[in-house]
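S.K.: Below: one structure in structure tokens.
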Amino acid sequence: MSIKTKKSVSGHQELSRIVQLIQAKSFKQAQHACLNYQKLHGLDFNVLTCLSTLAVQENNLLKSREYLIQALEFNPEHILTLNKCGVYSRKLGFESDAGPFFKRAIAAAPQQPEAYYNLANLLMTQGKVMDAIQNFSSAIECKPDFLEAYNNLAIALTEFGRPDEAVKVLDTAIGSLAPSPMLYVNKAKALQAMSLRKAAIVFLRSSSAKLGDPFELLTVLADMETLDNDFQQAEAHYLAAMALQPRSGVVCNNYANMLHSVGRLDEAMANYKLAADLEPQLYQALQNVCNILNIKKDYDQTLVYLDRVRAIEPNSPYLTGMQMNARMHTCTWDDWDQHCSHVEEAVKARRKATNPFPPLAFFTNVALMTQAAALWVEQQVPPANILPSIDMSARAVSSKIRVGYFSADLHSHATALLMAGVFEAHDREHFEWVAFSFGPDDLSSISQRVRHAFDRFVDVRTYGDRLVAQLARELEIDIAIDLKGFTQDGRAGIFAERAAPIQVNYLGYPGSMGAPYMDYLIADHVIIPDHLRQFYTESVVRLPHCYQANDSKRPIADETPTRLSVGLPEAGRVLCSFNNNYKITPTVFGIWMRVLKRFPDCVLWLLEDNERAVKNLRKEAEKAGIDPDRLVFAPRLRNDLHLARHRLADLFVDTYPCNAHTTASDALWAGLPLVTCAGETFASRVAASLLTSMDLQDCITDNLIDYEAKIYQLLESPVALYELRKKTIQSCASSPVFDTQAIARQLEMAYRTMYLRHREGLVPEAFDVPA
């Protein structure tokens with residue numbers, strides 16, 4: 001008996017020494033003492049928990065968890081050990097094991113708050129928010145000063161759509177606990193979830209002063225002020241937060257987002273790069289760098305930064321689309337088919353792969369194109385459902401229908417060049433016309449024409465989407481026309497907020513937006529024949545002729561430049577394709593190279609978009625056995641001079657599957673014949689629509705074999721090509737394509753029908769506008 005007692009006392013002393021060694025951070029000595037203890041006394045609960053602690057110090061969490069599980073065999077209801085097992089299981093990814101450990105801890109000690117709290121956090125990650133709320137509440141009942149539980153309960157309530165309850169919970173905590181910035185931050189977030197952002201900002205500003213401007217509070221305040229378009233205050237608070245924690249990459253990135261939103265691109269770029277330097281794993285900052293590089297058309301650097309993103313996070317959202325976009329703009333075609341297939345498969349699998357714009361240039365399936373748009377809307381710009389529904393019956397019946405055009409392109413841009421004449425021709429007796437501009441004023445003559453064409457021109461560049469929608473509602477806009485869609489600088493978020501009772505997709509984005517809040521899409525019988533209507537989520541309105549507006553006042557410079565002055569050879573024929581380089585695919589380029597090979601006196605005249613594209617296209621020509629100098633690149637020019645130089649070309653050869661759109665009407669307006677290939681997507685049928693309305697159907701093919709043959713046929717017959725040019729010039733004078741007054745009347749007829757249907761309580765429905 002005396003020997004047994006002596007052994008027990010010895011064991012206790014050894015355990016005490018092990019604990020002391022661990023506390024003194026003498027881990028190697030503690031490990032040696034544990035081994036000696038096991039030799040003398042075997043394994044027991046205490047030494048196993050010590051071994052678990054030592055395994056943590058070795059960064060071996062898996063081994064530590066194994067020791068704890070063994071320890072529970074000796075003491076199955078030990079609360080701290082059960083909790084640790086649950087926490088370590090979560091960290092190691094054994095989510096299914098974590099819950100039972102926490103529940104065992106609660107069963108063993110129902111008044112133990114940590115187990116409720118840990119279980120609630122686990123349930124939140126599993127999406128079981130209601131169960132999480134119950135367990136956070138239980139944790140607070142057990143420990144009324146449990147700060148973290150109050151915060152997480154409020155977050156859970158806000159996420160569960162009960163932000164008003166979250167505010168009450170936080171008010172209780174703020175009134176009874178020591179001041180904590182996160183309590184104030186979470187209350188502000190709950191207020192924001194109640195559509196009370198301004199109240200949240202006021203609350204944070206007063207709280208910030210009271211708490212001594214804590215970092216956490218300043219950052220959230222700045223983020224909210226940015227969303228509220230109070231950029232001056234936001235910048236002040238971002239800078240104050242960055243002064244407190246200069247090495248916060250996240251805050252630096254958010255500050256750069258604010259700078260980007262106000263057009264200070266160089267400063268934004270510098271801060272994005274700084275954010276990535278501060279936190280090398282912050283791939284979002286690198287993606288944001290790419291967004292600015294795209295605007296600057298520096299696609300070489302875009303590809304470099306996208307490679308850096310992929311190295312950090314191969315599954316970064318929308319990385320696939322961003323890389324494809326840069327490849328398209330630079331005509332980087334290695335493994336082209338594989339890259340296209342990868343994007344298609346990602347869209348079919350509903351992954352966050354791409355925005356809808358890049359696929360326009362390589363998707364040939366209209367259903368898949370609409371699916372890409374609908375997926376983007378679902379993931380990025382779903383219906384906001386924040387502002388109340390618009391009650392048309394509450395509006396006084398006006399003698400005029402109020403139509404709002406929304407665009408970033410009401411300056412020297414293709415959209416304004418097409419639409420300026422229509423804006424000017426619009427009926428002011430029966431309609432009121434309002435422009436909502438979120439693009440620059442370049443002080444050009446076209447910009448001035450557009451501004452003067454509207455009854456009201458509203459610059460909303462500094463307005464958030466919801467504020468623009470609210471303004472449109474205050475002005476009682478009946479029909480909102482989105483002239484951007486998903487093209488660069490588009491703001492679909494305005495329409496997600498429901499700016500008007502009737503919302504229309506027109507001209508800017510050549511396809512369905514796949515958005516439940518877009519009621520109509522304006523097209524024509526060629527763009528969307530009967531058998532393709534089913535693939536558009538909007539109700540399709542078809543104009544009697546070409547859907548594309550054109551300005552009959554567009555001037556063409558009188559003087560035609562000489563061939564030598566634009567880099568063309570003095571003799572020989574000129575094939576022209578002034579489409580943006582991103583529309584050129586390897587397949588179509590291959591056709592062009594075969595044409596050049598067959599007709600040695602021909603050159604190919606292309607738009608000069610960026611240096612990388614020029615190099616790559618010349619390289620591809622050389623690979624095809626064509627002298628790279630037979631590719632001539634045209635710099636961008638003022639529009640009247642650009643139109644004049646079309647006179648030097650013999651034939652415009654279109655791209656596929658994304659046709660020439662504005663560039664097609666440019667060529668035809670300048671009298672240059674055009675050959676196109678029409679597919680089934682909207683983007684692949686625009687040139688066919690223009691040619692049909694000009695009675696030039698012989699220039700339309702429906703497959704690339706016939707497209708190539710048509711080019712050969714025209715080049716082999718100078719007489720036929722001459723007659724085609726003559727007919728093209730004659731058609732410009734008589735065709736409805738360039739009858740600006742007529743298309744203005746047709747659009748007004750469409751708007752009036754939409755309006756009357758809505759007034760009668762009828763849902764949007766497809767219809768055709770009569771000639």
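The values are calculated or read from the model by the stated rules, or taken from the named source; none is laboratory data. If you're wondering where the values come from, they're calculated on a predicted model, not measured in any experiment. Cβ placement follows ideal geometry from the backbone for every residue including glycine, while neighbour counts extend to all protein chains displayed. Just the protein is used for accessible areas: all its heavy atoms, side chains included, with ligands, DNA and RNA removed. Shrake-Rupley method; radii C 1.70, N 1.55, O 1.52, S 1.80 Å.
S.K.: Apply the Kirkwood formula to the stretch 661-771: the hydrodynamic radius equals the inverse of the mean of 1/r over all pairs of different alpha-carbon atoms; give it in Å with one decimal.
M.R.: For the stretch 661-771, inverting the mean 1/r across all distinct Cα pairs yields 15.9 Å.
S.K.: Provide Rg and Dmax in Å for the stretch 496-551, with only Cα atoms included in the calculation.
M.R.: Values for the stretch 496-551 (Cα only, Rg and Dmax): 11.4, 32 Å.
S.K.: Counting only other residues whose beta carbon sits under 15 Å from that of Ala139, what net charge do I get with K and R as +1, D and E as -1?
M.R.: Neighbour charge sum, excluding Ala139 itself: -3.
S.K.: Something else: Between the stretch 375-438 and the stretch 241-268, what is the C-alpha centre distance in whole Å?
M.R.: Cα centroid to Cα centroid, the span is 33 Å.
S.K.: Using only the alpha carbons, work out the radius of gyration and Dmax of the stretch 413-559 in angstrom.
M.R.: Expressed in Å, the Cα Rg and Dmax of the stretch 413-559 come to 15.7, 49.
S.K.: With point charges of +1 on the Cβ of Lys and Arg and -1 on the Cβ of Asp and Glu, referenced to the Cα centre of the chain, which listed residue (Val377, Ala361, Tyr117) lies farthest in the positive direction of the dipole?
M.R.: Working it through, the farthest residue towards the positive pole turns out to be Tyr117.
S.K.: Taking Lys25 as the anchor, which aspartates and glutamates have their alpha carbon closer than 17 Å to its alpha carbon, excluding any fewer than eight residues away along the same chain?
M.R.: Answer for Lys25, where 17 Å is the Cα cut-off: Glu14, Glu58, listed by chain and number.
S.K.: Let me ask something else about it. How large is the direction-averaged shadow of the alpha-carbon convex hull of the stretch 369-492, in nm²?
M.R.: Average projection, Cα convex hull of the stretch 369-492: 8.7 nm².
S.K.: By how many degrees, between 0 and 90 and to the nearest 10, does the Cα long axis of helix 27-41 differ from the longest principal axis of the chain?
M.R.: Result, in degrees: 50.
S.K.: Send over the per residue convex hull volume for the stretch 394-462, Cα only, as a whole number of Å³.
M.R.: 82 Å³
S.K.: Given contacts defined as C-alpha pairs under 8 Å and at least six residues apart, what's the relative contact order of the stretch 186-263, whole-number percent?
M.R.: About 21 percent, as a whole number.
S.K.: Farthest toward the dipole's positive end in the chain, which of Ala649, Leu387, Ala687, given Cβ charges of +1 (Lys, Arg) and -1 (Asp, Glu) about the Cα centre?
M.R.: Leu387
S.K.: Measure nothing but the geometry: give the 0 to 90° angle between the long axis through the Cα atoms of 147-159 and the longest principal axis through the Cα atoms of the chain, rounded to 10°.
M.R.: Orientation of helix 147-159: about 30 degrees from the principal axis.
S.K.: Please sort by residue number the trypsin sites (Lys or Arg not before Pro) in the stretch 519-559 whose DSSP state is loop and whose Cβ has at most 15 other Cβ atoms within 10 Å.
M.R.: The qualifying sites are Lys553.
S.K.: Moving to a separate point now. What is the angle, in °, between the Cα long axis of helix 740-759 and the longest principal axis of the Cα atoms in the chain? Nearest 10 is fine, range 0 to 90.
M.R.: The answer is roughly 40 degrees.
S.K.: If Lys and Arg each add +1 and Asp and Glu each add -1, what is the summed charge of the other residues whose beta carbon sits under 10 Å from the beta carbon of Ser89?
M.R.: With Lys, Arg at +1 and Asp, Glu at -1, the net is +2.
S.K.: Using the Cα centre of the stretch 489-590 as the reference point, and only Cβ charges (+1 on K/R, -1 on D/E), how large is the resulting charge dipole? Debye, rounded to the nearest 20.
M.R.: 140 debye
S.K.: Note down the magnitude of the dipole of the chain about its Cα centre, charges +1 on Lys and Arg C-beta and -1 on Asp and Glu C-beta and zero elsewhere, to the nearest 20 debye.
M.R.: Here the size comes out at about 2020 debye.
S.K.: Placing one identical point scatterer on every Cα of the stretch 271-319 and ignoring solvent, what is log10 I(q)/I(0) from the Debye formula at q = 0.13, 0.14 Å⁻¹?
M.R.: After summing over all Cα pairs, the log10 values are -0.24, -0.28.
S.K.: May I have the extent of the alpha carbons of the stretch 552-658 along their three principal axes, as whole Å values ordered from largest to smallest?
M.R.: Sorted from largest, the Cα extents of the stretch 552-658 read 41, 30, 23 Å.
S.K.: What three numbers, in Å, describe the spread of the alpha carbons of the stretch 344-427 along their principal axes, ordered from the longest?
M.R.: Between the extreme Cα coordinates on each principal axis of the stretch 344-427 lie 51, 36, 20 Å.
S.K.: Further question on the same structure: How much of the accessible area of the chain, probe 1.4 Å, is carbon plus sulfur, in whole percent?
M.R.: Looking at the chain in its full context, I get 52 percent from C and S.
S.K.: So, one more: Give me, ordered by chain and number, the residues 5 or more places off Ser444 or on other chains with an amide H under 5 Å from its own placed amide H.
M.R.: Ser412
S.K.: Evaluate the stretch 116-241: find the radius of gyration of its Cα atoms, find its Kirkwood radius, and give the ratio Rg to Rh.
M.R.: Here the Rg-to-Rh quotient is 1.00.
S.K.: Additional query: Around Gln245, what is the net charge, scoring Lys/Arg as +1 and Asp/Glu as -1 over all other residues with Cβ under 14 Å from its Cβ?
M.R.: -2
S.K.: Next up: Please report, in debye to the nearest 20, how large the charge dipole of the stretch 131-221 is about its Cα centre when each Lys and Arg carries +1 at its beta carbon and each Asp and Glu carries -1 there.
M.R.: 400 debye
S.K.: Pairs of alpha-carbon atoms within less than 8 angstrom and 6+ residues apart define the contacts here; what relative contact order does the stretch 577-681 have, in percent?
M.R.: So the answer I get is 29 percent.
S.K.: What share of all Cα pairs of the stretch 520-614, in percent, falls into each consecutive 10 Å distance bin?
M.R.: With 10 Å bins starting at 0, P(r) equals 12, 25, 28, 26, 9, 0.
S.K.: May I pose another question? If you scale each eigenvalue of the Cα gyration tensor by 5 and take the root, what three semi-axes come out for the stretch 305-351, rounded to whole angstrom and sorted largest first?
M.R.: Square roots of five times the eigenvalues give 16, 16, 8 Å.
S.K.: When the convex hull of the Cα atoms of the stretch 1-146 is projected onto a plane and the area is averaged over all directions, what value comes out in nm²?
M.R.: Reported value for the Cα convex hull: 10.2 nm².
S.K.: Tell me the relative contact order for the chain as a rounded percent, counting alpha carbon contacts under 8 Å between residues six or more apart.
M.R.: Computed over the chain, the figure is 8 percent.
S.K.: Any chance you could get the radius of gyration and Dmax over the Cα atoms of the chain, in Å?
M.R.: So, for the chain, Rg and Dmax equal 33.3, 123 Å respectively.
S.K.: Let me ask another. So which lysines can Lys296 reach, going by Cα to Cα under 30 Å and dropping same-chain residues fewer than 8 places off?
M.R.: Lys273, Lys352, Lys484, Lys583, Lys615, Lys619, Lys623
S.K.: Right, next: Mind listing the phi-derived Karplus ³J(HN,Hα) values for the stretch 618-628, rounded to whole Hz, using 6.51, -1.76 and 1.60 with θ = phi - 60°, and x for any glycine or proline?
M.R.: Rounded to whole hertz, the list is 5, 5, 5, 4, 4, 4, 8, x, 10, 4, x.
S.K.: Right, here's the next one. Could you give log10 I(q)/I(0) at q = 0.20 Å⁻¹ for the stretch 528-578, computed by the Debye formula over C-alpha point scatterers of equal weight, without solvent?
M.R.: -0.86
S.K.: Then there is this: Just report the Cα centroid separation between the stretch 628-644 and the stretch 124-170, whole Å.
M.R.: For the stretch 628-644 versus the stretch 124-170, the Cα centre distance is 64 Å.
S.K.: Quick one, can you get me the convex hull of the C-alpha atoms of the stretch 623-725 expressed as volume per residue in Å³?
M.R.: Convex hull of Cα atoms, per residue: 124 Å³.
S.K.: Considering the dipole of the chain built from charges on the beta carbon (Lys and Arg +1, Asp and Glu -1) around the Cα centre, which of Val504, Pro561, Phe45 is farthest to its positive end?
M.R.: Phe45
S.K.: Related question: Ratio of the stretch 173-260's C-alpha Rg to 2.2 N^0.38 Å, to two decimals?
M.R.: In units of the 2.2 N^0.38 Å rule of thumb, it is 1.03.
S.K.: Rounded to whole Å and sorted largest first, what semi-axes of the equivalent ellipsoid does the C-alpha gyration tensor of the stretch 188-327 yield via the square root of 5 times each eigenvalue?
M.R.: In descending order, the three semi-axes are 30, 15, 14 Å.
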